[in-house]
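What follows is one structure encoded as structure tokens, with my remarks underneath.
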Amino acid sequence: MSTIAVAARGRAPWRPRLGRHRGLIVACIVFLVLFFAVDLITPGAFSYFELHFMSAGGATLALAAMGQTIVILTGGFDLSTGAVISLVNVVLATSMGTSAFSQVAFFWAAILIGALAGAFNGFFVAFVRMQSIVVTLATMFIVQGLTLLVLEKPGGTIAPGFTAFFSGDAIPHLLPAPVVVLVVAAVVWLLVKNSRFGVGIYAVGSDEEAAFAAGIRARVVKFWAYVLSGIFYGAAGAFISAQTGSGDPLVGQPMLLEVFVAVVLGGTLLGGGRGGCIGSIVGSYILMIIVNILLVLNVSAYFSSVAEGAILLLAVLAASLNRRSPIAFYIRLARDKLAARARGALASAHPSHGAAPQLPTPPAGKPAAVSWFARHREGLGMIVPAYVGFVIVLLASQAVFGNTLTNPGYFDSLLVLSSFLAILALGQGAAILTGGLDLSVPWMIGFIGILTAGLIRGSDAVALWAVPLGLVLGAALGAVNGLGIVLLGLPPIVMTLAMNGILQGAALLYCNGTPSGFASSAQRWFMTGHFAGPRPVVWFLAAFVIFSVVLLNRTVFGRRIYAVGNSPLVARLSAVGVGGTLIGVYALSGFCSALVGVLLSGFSGQASLGMGDDYLLPSIAVVVVGGTLITGGRGHYIGMLGGVLLLTALSTLLEGTTLPSATRDIIFGLVLLGAVLALREKRA
Amino acid sequence: MRWISTAFVAAMGLGLFAAQHPAEAAQQKYKIFLSMSYIGNDWQAEAANMVKAMAASKDYRDKVDLKVQVAGPNATRQIQQINAMVQQGAQAIVVYPISPTALNEVVRNACARHVVIIAYDAEITEPCAYNVHIDQLEAGRVPAEWLVKKLDGKGNIVVITGVPGTSVDTQRTAAAKAVFAKYPGIHIISEGVGMWSQAVARTVLTKILTTHPWNEISGFWVQVGCYTIASMEKEAGIPDNQLKPCAGEGSNGHRIQMLAIGAPGVEGAHGTYRPMGEPSISYASPPYSGALALKLAVDVLEGQQVPKFTKLPLPIVTNETVKLCKEGTWQEMEQGCNVFQPAIISNPGWFASIYSAETPETGLQAALNGKPER
């Protein structure tokens, strides 16, 4: 406390103000450096044409990132961003006429659609008190389904006037329209930010309890924050419609990850309370200008994801590297330790008595019996909903197909398919329990799968050492994630996303674009053969579940994970090695992904590029559906397993039908939402 | 911070240096860019190899200065990328379009600046762009008709589609369903979303089989997955001569399985990657389309007349026409071989439809390693 006061007195008055905007300032500098680098190399002077296309290029991402920022400022997470943009895009492309009235009307329709989607999210997050990540995941599926119902394949047209207005020239040869759009968006944000509502957003995101105590109507603020973010998505949807002049039901979805990265690059803290939309605009343009950088440097295709990951890391590092950054802290710590050792003043060198706390003697007689249910009520409350959902889906499958509950083959297949997600759930779950996320799952699976299959090439003898090698490598690469997060203080989302890109490049380079390996016969038997009834992997899954439960609940490491997730500071003060725990968690996640890579290549018989792509969102979804708090500290592996069973059974049920995929998406989203309705947070 | 900016500027400087060198060496080269979408799948990587091989071949290496860039799955990034290529002075841009419609505005812009835009495999609907691809309706219809004929117009079939929301998937599936609708005896009992991936096809079929056992299914119409389906039939203990008809993809594994049982000269077969006489038709969206697009781009730049739409012949291989290649040279493929030794192609999911009469520069080595035939 006193050091802070002293420091503040010793500095110029503008320093703290500058410090608060550090993220934004660094983002601006990074952008300017990249921009001038591109400009330097590009032949010819910077022209109006370039200004125009650059401003148009990043505008959709910037608008979307602004919406996402508002949600993140309240401490939430919005996965429906891309889906809402697609929905707006297809509605405009299919319904807009060429009259001026229609064009204006449909601009407002775009805003309205966004606001409605936001209100849907906001209602469940603010008033029903559900976790934002689950609500928005459900919304994502529902909106995706609606989008496909509106337009099943790319098509439709946007009136040329609409295109000209938003992505043309505001003042020909002087001011491109996208710049005006962004300025208007920025002004809207600044007005909001300086209003009572804006203060509320920051307050709620910093500490909801404190905000409530201070008289802020936290729920109402949250609700309107989601609506406002939806309005920005609507604007993004309108802009991309103008920019592309047509509709494509898949246009928004791939933007999701980039939106998050743009927000983080812009200096907004995941978890809420700090940052702002202006930074996110800059972050979006940094991401877009990377495309130009890769082009002018002629980075080869296989290296592009690596280069992108590296640029991302450098940009975020630049924002965080200073005397107070974790690496400096660890260096000081190591120096102090060495000095203490030299002086013989280490804690262990002090003579001490073993702690012998005096416990009160228990009262005589038997303690009042507390039932098992009463003691575990809270834990069960998190775990049970997923299983209730699972049973309902099982009954529904029985009703639809009539041959599931009595069919051992059904459960055998269900468990085999569940095994991948159940394994990933341990790693991803542990990362989420510490308040992080592991986005390197897809290409950790892909890289290790391709590498091990490439070494094994069908030989059981090689598999004996290649599989352990792959698993160790996965754990080591995971530990690198952890090191980056701990030593460099990088946000987990950034570190693991960069790792994902680097591993993608590594996989492509290793196999030169064509993975040639295939699994050994033992690997295939493990996944598709039979052992004492079910397939061998089912027995393995049973052992893995026991291992996971013991690891998370009965070991020191497990307890430390929860401690770090509840509060890293309290954990540190309680002598928990926070850094070591985090590194261990990401190593565990890397190990789990590597294991899935090996199992998947056994399941398919070969490894292929992109084999892990479909596992990222489900791995997060099952953890959260299983009752785990996305902000960390609360959750149980048994619950996550319930989430795995529920989602696998549901997709099995839907896959067996001939429903169009639009309807399936909507059903999936609704069931997801229904399953976790019971999980809503009770008022503390 | 400062060291980072210094590092960046230094890196830029190096890039500048490297970029200028080859440009000085040959002034007359056409500056052509390749904008790929997502590179993380087998088809894309193979197609990219073939484009690179074409650019490195004898006739083109002195004409073409090719730079390859990846846009990822995000259409807005591809828009930015194409714009940046135009800015860099591209004369032609070969594109794997992420979206058939989203690029229209930027393509129109590029055309206005006299840049040749040519899309391969998928389509760009903007009229000024050149397109090189197969007829997707035909690709849906022909295999469906084959399947109906094979089943004598009656039976329960399972459909495995591609990526929902794409034009290619929608057109193929609609065309196939239109065929099936004409035969009241044909019932689609289940429809899985296969995402054009063998790995996903296996997951999806495992799910389908939990509710529709093998004996309920008489045949398959899939966009990718016949190889996986035959493998799963073997795991379920179905003998070779009772394999179910499968109308599907042009993967090497699938075509090997279509060879008659005991076909001579097959090297390196193992597991289910072996001749088993699977009754099948194999069609493909051929990965040579990018290489051909590059060739056509040069033709346009040289002032030749090129039609706006080059319709590629739909590669169709049936049990009667499937034929093993020994080495996979272009000459050999011209003689009619269309499937490669498992000893050379150890990945059965690899796409085998690489022959085109128009591209003698690219053979098997082009698709595998980016090495031209000559």
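The values are calculated or read from the model by the stated rules, or taken from the named source; none is laboratory data. Since the structure is predicted, the reported quantities are computational estimates derived from the model, not experimental observations. Counting neighbours? That spans all protein chains shown, and the Cβs are built from the backbone with ideal geometry, glycine included.
Taking A:Phe557, is it part of a helix (DSSP H, G or I), within 21 Å of A:Thr496 (Cβ to Cβ), aromatic (Phe, Trp, Tyr) and in contact with a helix residue (DSSP H, G or I) (Cβ under 9 Å, 6 or more places away or on another chain)? Yes; evaluated as a whole, the condition is true for this residue. Among the conditions (1) closer than 20 Å to A:Leu595 by Cα; (2) in a helix (DSSP H, G or I); (3) of a type in the set (A, V, I, L, M, F, W, C), A:Ile485 misses just one, which is (1).
No other residue among B:Pro264, B:Pro313 is in contact (Cβ under 8 Å) with a residue 60 or more places away in the chain, out of contact with any helix residue (DSSP H, G or I) (no Cβ under 7 Å at 6 or more places or on another chain), more than 14 Å from chain A (Cβ to nearest Cβ) and outside any helix (DSSP H, G or I) apart from B:Pro313.
Residues in the stretch B:197-253 that are closer than 28 Å to B:Ser285 by Cβ and of a type in the set (Phe, Trp, Tyr): B:Phe220, B:Trp221, B:Tyr227.
No other residue among A:Ile111, A:Ile133, A:Ile142 is part of a helix (DSSP H, G or I), touching a Phe, Trp or Tyr at 6+ places or on another chain (Cβ under 8 Å) and either within 14 Å of chain B (Cβ to nearest Cβ) or touching a residue at least 60 places away in the same chain (Cβ under 8 Å) (or both) apart from A:Ile133. Evaluation of B:Asp299 against the conditions (1) buried (at least 23 other Cβ atoms within 10 Å of the Cβ); (2) part of a helix (DSSP H, G or I); (3) not hydrophobic (A, V, I, L, M, F, W, C) shows that the sole unmet condition is (1). Screening the stretch A:632-658 for residues that are modelled with pLDDT under 90 and surrounded by fewer than 20 Cβ atoms within 10 Å (Cβ to Cβ) and picking the one that is farthest from the other protein chains (Cβ to nearest Cβ) gives A:Gly633. Under the condition of being facing another protein chain (nearest Cβ under 9 Å) and either surrounded by fewer than 24 Cβ atoms within 10 Å (Cβ to Cβ) or within 24 Å of B:Val300 (Cα to Cα) (or both), the residues counted in the stretch B:53-77 number 6.
Scan the stretch B:123-138 for residues that are facing chain A (nearest Cβ under 10 Å) and in contact with a Phe, Trp or Tyr (Cβ under 9 Å, 6 or more places away or on another chain) and report the count.
1
The single residue among A:Gly252, A:Gly267, A:Gly273 that is at pLDDT below 90, assigned to a loop (DSSP other than H, G, I, E, B) and buried (at least 24 other Cβ atoms within 10 Å of the Cβ) turns out to be A:Gly267.
Would you say A:Tyr226 is within 30 Å of A:Glu152 (Cα to Cα), more than 10 Å from chain B (Cβ to nearest Cβ) and assigned to a helix (DSSP H, G or I)? Yes, satisfied. Taken together, A:Leu600, A:Leu677, A:Leu629, A:Leu616 contain a single residue that is surrounded by fewer than 24 Cβ atoms within 10 Å (Cβ to Cβ) and modelled with pLDDT of 90 or more, which is A:Leu616.
Against the conditions (1) surrounded by fewer than 16 Cβ atoms within 10 Å (Cβ to Cβ); (2) in contact (Cβ under 8 Å) with a residue 12 or more places away in the chain; (3) hydrophobic (A, V, I, L, M, F, W, C), A:Ile423 satisfies every one except (1).
Only residues that are in contact (Cβ under 8 Å) with a residue 60 or more places away in the chain and either assigned to a loop (DSSP other than H, G, I, E, B) or acidic (Asp, Glu) (or both) were counted across the stretch B:183-222, and they come to 5. Could you check A:Ala575 against (1) more than 14 Å from chain B (Cβ to nearest Cβ); (2) of a type in the set (Gly, Ala, Ser); (3) in contact (Cβ under 8 Å) with a residue 12 or more places away in the chain; (4) outside any helix (DSSP H, G or I) and say which number it fails? For A:Ala575, the exception is condition (3).
B:Gly89 meets all of the listed conditions (1) within 18 Å of B:Ala293 (Cβ to Cβ); (2) within 11 Å of another protein chain (Cβ to nearest Cβ); (3) surrounded by fewer than 24 Cβ atoms within 10 Å (Cβ to Cβ) but one, namely (1). Filtering the stretch B:164-188 down to residues that are more than 7 Å from every other protein chain (Cβ to nearest Cβ) and within 30 Å of A:Gly605 (Cα to Cα), which residue is surrounded by the most Cβ atoms within 10 Å (Cβ to Cβ)? Looking at the filtered set, the residue picked out is B:Ala176. B:Ile217 satisfies every condition listed in (1) buried (at least 24 other Cβ atoms within 10 Å of the Cβ); (2) more than 27 Å from the chain's Cα centre (by Cα); (3) not small (Gly, Ala, Ser) except (1). As for the stretch A:535-553, it holds at least one residue that is free of Cβ contacts under 8 Å to residues at least 12 places away in the same chain, aromatic (Phe, Trp, Tyr) and closer than 28 Å to A:Leu464 by Cβ.
Report whether or not A:Tyr562 is under 18 Å from A:Ala425 (Cα atoms), of a type outside the set (Val, Ile, Thr) and within 19 Å of the chain's Cα centre (by Cα). Give the steps one after another, and end with the answer.
On the way: under 18 Å from A:Ala425 (Cα atoms): yes; of a type outside the set (Val, Ile, Thr): yes; within 19 Å of the chain's Cα centre (by Cα): no.
In short, no.
Determine if the stretch A:390-411 includes at least one residue that is closer than 19 Å to A:Ala542 by Cβ, within 26 Å of the chain's Cα centre (by Cα) and either touching a residue at least 40 places away in the same chain (Cβ under 8 Å) or within 11 Å of chain B (Cβ to nearest Cβ) (or both). So far as the stretch A:390-411 goes, yes, one or more of its residues are closer than 19 Å to A:Ala542 by Cβ, within 26 Å of the chain's Cα centre (by Cα) and either touching a residue at least 40 places away in the same chain (Cβ under 8 Å) or within 11 Å of chain B (Cβ to nearest Cβ) (or both). Here A:Gly161, A:Gly118 are screened, and the one residue that is on the phi < 0 side of the Ramachandran plot and surrounded by fewer than 19 Cβ atoms within 10 Å (Cβ to Cβ) is A:Gly161. Per the conditions (1) under 18 Å from A:Gly252 (Cβ atoms); (2) among the hydroxyl-bearing types (Ser, Thr, Tyr); (3) touching a residue at least 40 places away in the same chain (Cβ under 8 Å); (4) more than 14 Å from chain B (Cβ to nearest Cβ), the sole criterion not satisfied by A:Ser95 is (3). Of the residues examined, B:Gly237 is not one that is part of a loop (DSSP other than H, G, I, E, B), of a type in the set (Gly, Ala, Ser) and farther than 27 Å from B:Tyr273 by Cβ. For A:Val538, all conditions in the list (1) assigned to a helix (DSSP H, G or I); (2) within 23 Å of the chain's Cα centre (by Cα) hold save one; what is the number of the exception? Single failed check for A:Val538: (2). Scan the stretch A:465-481 for residues that are under 16 Å from A:Phe518 (Cα atoms) and surrounded by fewer than 13 Cβ atoms within 10 Å (Cβ to Cβ) and the total you get is 1.
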